[in-house]
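These notes concern the structure reproduced below.
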Amino acid sequence: MIQDGEHYFCCNGCQGVFHLLSDSGLDGFYQKSAGVQLTPPTQQYEDSSNFNSPAFYDKFVTKNKDAFSEVSLIIEGIHCSACVWLNEKALHKMDGVVEASINFTNNKAHIIWVDDVVKLSEIIDMIRAIGYNAYPYDASLQELHANKVRKEYYLRMAVAIFASMNVMWIAVAQYAGYFTGITQEMKTILNIAEGVLATPVLFYSGWVFFRGAYYGMRNRVVNMDLLVATGALLTYVYSIYITVLEHGEAYFDSVSMIITFVLIGKFLEVLSKKNAADTLDVIGKHLPNEVNIVKEGQIVVCKLQDVTVGERVLVSSGEKVLLDGVILKGEGSFDESSLTGESEPIFKKIGDKVISGTTSIDADIEFEATKDFEHSTLSNLVMLLESAINKKPKIELLANRLSEHFSTTILVLAFMTFAVWWAWPHSFETALMVGISVIVIACPCALGLATPVATLVGLSLGAKRGILFKEAAQLETMAKADVLLLDKTGTLTEGKPTVSTENKFQEFEYTLLYSLVKQSKHPVAKGIAKYIEKSVETLSLYALDSFSQISARGMEANYNGVMLLGGNAKFMHERGVEIGQSSSNTNFYYAINGELVALYELHDAIKPGAQELVKILRDKAIDVVMLTGDNIASAQSIAKEVGIEKVYAELTPEEKLAYVESLHKDTKVVVMVGDGVNDILALAKADIGIVMGSGSDIAVEISDVVLLNDSLHSLLGAFQIARTTFTLIKQNFAISLVYNAITIPLAMAGLVIPLVAALSMSFSSLLVVGNSMRIRYKWNRS
């Protein structure tokens, strides 16, 4: 109720709708409904205050880096892109809601809000107030909800198909009567029989369309449900009119077939969308809640979330590894295909790392947890996949904008068509049937599905092959790439340089050098450390007084007044150390108190597939450039071997960043691939930053795409999946537009009856979904 500036609301949802209408200039809604008692939703839902409980927050709500709350919900009742638009608009209008994004393919909403401004229960109330419902997304429960939806469709379809089959038998008798003769009395009896059968089809099987149309109209949105409900209801009312007057032709058969065909099409669409989404859910499904740990010599069952770093975990053959760790006892083979796409089992022994999400094939092991579940590889993977579909590609945003006005345009065209056909040839019956055909044949769903289904297929193809796109929008961006920037060490090469030559100019204590290089995670430093470990029997680690690492240069430290320097030739020159001539290999110079005492030449093997990657991308008009902090001679040697013509060596992180910025000035779409701390500035600035899974934590954090198996074949696969997906989106877009461009004029010309229009409408949506799934099956066979 509203009184002279003082507003009283029956619930938070109605208050939210009031502000939404007011901000949109639709205040007249309340004047038009004067005298009408407005009430909150009458359907009984779970108390929304339960969504604010600490137990709910612990399980489903997370805090992002900006301290905002995030949750993933499934929205019930979404039938078309207009439903998505309505929910997103209503949520965005709420104070405290930072982001609300809904994926049409699986009805999954990703909502970010400020908990101090608005409570989650108020967000749920808003969703319910506009005619929908929400429940928390849980991969393990998705199958239960899917079964519930399928059961509802099964019942409605069973009624529709049974009644429609009988209606068609009666229609056959009527059509036969045209040729053999039939009395008006018998014709009326047959019409009544058809009407009785068509009534449950329209009002029970077709209830989903009336419900969607009602909520759409209540919120001033013209959606697909309104088109179907309007076409079927007008035909039904007209047929009753004809039956009562006993004059003309009734079309109850068209009523039942419109609802039946569209309902079956909608059901097949639901199944297809679920099939496309299953890969993204499968990783998070069926995870055990408990693990076996060793405490004081006893095996104890512990909740997965309660295991802390350092605890000893037991895994038996056939079980899934749920935490990251290092093997302390046992050995055997592990299946890592669900993470990396690698089909061959990986043998692991004491001291090797085990990754959460992999499966023990024949290994009974005990390992020490190095991460808790919240920060584990599996948990991060599930979180990345869940968030990936929330960022919509630009082309999907365009499709959604078109869909917003599509249904309204169709209703206008249908009314104009009806008026023209009634004016000439002066037949109300013909005009009505042609107008209904226009309403029914138009399909905004094909337009709305064009992008999300293809995107979901692309994301699932990547996930199966160990390629994680953090946002769906990155598929479109990567498909348009002009330039690929490649780091050398760890990207083009194995990132595990081994010492090929040691040159000692003076005797020195290996423990000092070992203590220096062990402070760094750089591949070269690790290579030196491994060489010393193999060469020297007794080693210990000194606690250095100071240590600092200079990106793309080297490291320096102080120990008991002794200055230690280790790094490349450029670093030595900057520190005033004489080194003489450098070779084309990767060199590590070691100096004590400003005097060179040793030189290590290292060799890093080129990764398999490097030459193939460069050749294929150059054939696709993508410019491939090497950016590295290594010396120019070593960089050119590797570049020549793999076929890269443009090489920039001895670069600092700032210089890599500057190069990316220079490409942006030339309007280039840049993809940067790296794995180290010295790459993070360029990775962050590039349009797409790609990191190998073994890269540094901060590089993985700021990247857009993660390659879990460190393979250049995966990098090539990422480009191919992105381009395939974008091509698929454009194909689906074209199918939808061409379908509507051809069928709507045909319907307006009176060449399509309502029954065929209903069949065509369902077929167009299935064609878009089928085209997307075709690519998935093609890739799965390859």
- Query: So how do ASP306, ASP487 rank on accessible area, 1.4 Å probe, biggest first, that is with the largest at the start?
  - Reply: ASP306, ASP487
- Report the extension gain between PHE162 and SER53 in nm, rounded to one decimal, defined as 0.36 nm multiplied by the number of residues separating them, less their alpha carbon distance. 34.6 nm
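Within a Cβ distance under 12 Å of ILE242, other residues only, what is the Lys/Arg minus Asp/Glu net charge?
Values: positive: LYS187; negative: GLU194, GLU246, GLU249, GLU429.
So the surrounding residues net to -3.
Given the Cα atoms of region 613-686, and with Rh set as the inverse mean 1/r over their pairs in the Kirkwood sense, what is Rg to Rh to two decimals?
Values: Rg = 12.2 Å, Rh = 12.8 Å.
Ratio of gyration radius to Kirkwood radius for region 613-686: 0.95.
When the gyration tensor of region 71-222 is built from Cα positions, what are the square roots of 5 times its three eigenvalues, in whole Å, from largest to smallest?
The equivalent ellipsoid of region 71-222 has semi-axes of 45, 17, 10 Å.
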- Note on the structure: Quick numbers on region 140-271, Rg and Dmax over C-alpha atoms in Å, give 16.8, 62
- Task: Could you list the trypsin sites (Lys or Arg not before Pro) in region 189-222 that lie in coil according to DSSP, counting only those with at most 14 other Cβ atoms within 10 Å of their Cβ?
- Result: ARG220
- Hey, what's region 140-271 come to in accessible area per residue, 1.4 Å probe, Å²? 47 Å²
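On average over all directions, what projected area in square nanometres does region 147-194 have, based on the convex hull of its Cα atoms? Don't skip to the end; give the middle numbers.
Values: hull surface 13.8 nm².
Its average projected convex-hull area is 3.4 nm².
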- Note on the structure: Judged on accessible area alone, 1.4 Å probe, highest first, HIS713, HIS110 line up as HIS713, HIS110
- Taking just the C-alpha trace of region 190-230, give me its Rg and Dmax in Å. 12.3, 40
- Item | Burial order of peptide ranges 721-731, 431-441 (average beta-carbon count within 10 Å, highest first) | 431-441, 721-731
- Task: Can you pull the one-decimal nm distance between simple spin-label points at LEU539 and LYS480, each 7 Å off the Cα toward Cβ?
- Result: 5.0 nm
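Between GLU185 and VAL738, what FRET efficiency follows from the Cβ-Cβ distance if R0 is 56 Å, with the result rounded to 0.05?
Working: r = 48 Å, r/R0 = 0.85.
Computed FRET efficiency for GLU185 and VAL738: 0.70.
Between GLU578 and THR409, how high is the FRET efficiency from 1/(1 + (r/R0)^6) when r is the Cβ-Cβ distance and R₀ = 56 Å? Nearest 0.05.
Numbers: r = 78 Å, r/R0 = 1.40.
Efficiency computed from Cβ-Cβ geometry: 0.10.
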- Message: So, R0 is 45 Å and r is the distance between the beta-carbons of LYS151 and THR511; what FRET efficiency does that work out to, to 0.05?
- Response: 0.05
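By how many nm would the segment from LYS353 to THR370 lengthen if fully extended, with 0.36 nm per residue of separation less the alpha-carbon distance? Write down the numbers at each step before the final one.
Details: separation 17, 0.36 × 17 = 6.12 nm, distance 0.93 nm.
The span from LYS353 to THR370 would gain 5.2 nm if fully extended.
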- Query: When the Cα centres of region 413-433 and region 343-368 are compared, how far apart do they sit, in Å?
  - Reply: 72 Å
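For a protection proxy built on the mean count of beta-carbon atoms within 10 angstrom, sort 347-358, 518-529 highest first, please.
Numbers: 347-358: 17.7, 518-529: 20.2.
Listed from highest to lowest mean packing, they are 518-529, 347-358.
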- Per-peptide average of other Cβ atoms within 10 Å, ordering 195-205, 613-623 highest first: 195-205, 613-623
- With all protein chains in place and a 1.4 Å probe, TRP113 shows an accessible area in Å² (nearest 10) of 0 Å²
- Over 31 Å between Cα atoms, which of LYS320/LYS685; LYS530/LYS570; LYS470/LYS620; LYS119/LYS295; LYS329/LYS534; LYS59/LYS89 qualify? LYS320/LYS685; LYS119/LYS295
- Item | Average projection area in nm² (convex hull over Cα atoms of region 528-637, one quarter of hull surface) | 9.0 nm²
- Message: Using a 1.4 Å probe on the protein heavy atoms, what percent of the accessible area of region 140-271 belongs to carbon and sulfur?
- Response: 74 percent
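Roughly what % of Cα-Cα distances in region 623-745 sit above 25 Å, to the whole percent? Walk me through the numbers on the way to the answer.
Numbers: 2630 of 7503 pairs.
Above the 25 Å cut-off, region 623-745 has 35 percent of its Cα pairs.
The values are calculated or read from the model by the stated rules, or taken from the named source; none is laboratory data. Just so it is clear, the structure is predicted and the values come from calculations on it, not from any experiment. Cβ atoms come from the backbone with ideal geometry, glycine included; neighbour counts cover every protein chain shown. Ligands, DNA and RNA are excluded from the accessible area calculation, which covers all protein heavy atoms including side chains. Shrake-Rupley method; radii C 1.70, N 1.55, O 1.52, S 1.80 Å.
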